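The values are calculated or read from the model by the stated rules, or taken from the named source; none is laboratory data. Note that this is a predicted model, so its numbers are computed, not measured. Neighbour counts are summed over all protein chains in view; Cβ atoms, including those assigned to glycine, are modelled from backbone coordinates with ideal geometry.
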Amino acid sequence: MSSASIDIRFDGRKVRYEPGDMLSGEFVIRDVRRDEIRAVELSVLWYTDGKGDQDLHVHHFRRWSSEQGDWIDPRRPVRFETELPASPLSYDGLIVRVQWCVRVRLFLTDGRDELVEVPFRLGGVARARVKVR
């Protein structure tokens, strides 16, 4: 079997959202047969990057498992939708960054897994800048 791939698309091709907006879209699994899929997980989450410990919080989660009898058809797009919270807003600081993303993880019956993340911005906080003299 070749390596599976996952495509994630947001409706309206937006990359910036405001608190309370609906984030919706779909994902498609390619280059894998249905009987090779053990489970699929979809998460809408944020994490911090930078100095100090990493924080991570899952805002929306869904799991489909062939072991639980879920029908997983890699030929069909899977829709998702969630209302985005008021915080935390996306932030690109000099020391820390808050990044939102949609993550899809595919678990295969041979023990391998594939993971794809597509970032988006929540809110309009400007990126931090350093004034160069």
Looking at 44, 28, which is the one that is at pLDDT 95 or above and either more than 18 Å from residue 5 (Cβ to Cβ) or touching a Phe, Trp or Tyr at 6+ places or on another chain (Cβ under 7 Å) (or both)? 44
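Per-residue answers, yes or no, for (1) in a strand (DSSP E or B); (2) exposed (fewer than 14 other Cβ atoms within 10 Å of the Cβ); (3) of a type in the set (S, T, N, Q); (4) free of Cβ contacts under 8 Å to residues at least 24 places away in the same chain:
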site	(1), (2), (3), (4)
40	yes, no, no, no
49	yes, yes, no, no
54	no, yes, yes, yes
73	no, yes, no, no
114	yes, no, no, no
Residues of the stretch 18-35 satisfying the condition of being surrounded by 18 or more Cβ atoms within 10 Å (Cβ to Cβ) and either assigned to a loop (DSSP other than H, G, I, E, B) or of a type outside the set (Gly, Ala, Ser) (or both): 23, 27, 29, 32
Could you tell me whether residue 102 is in contact (Cβ under 8 Å) with a residue 60 or more places away in the chain, out of contact with any Lys or Arg (no Cβ under 9 Å at 6 or more places or on another chain) and among the hydrophobic types (A, V, I, L, M, F, W, C)? yes
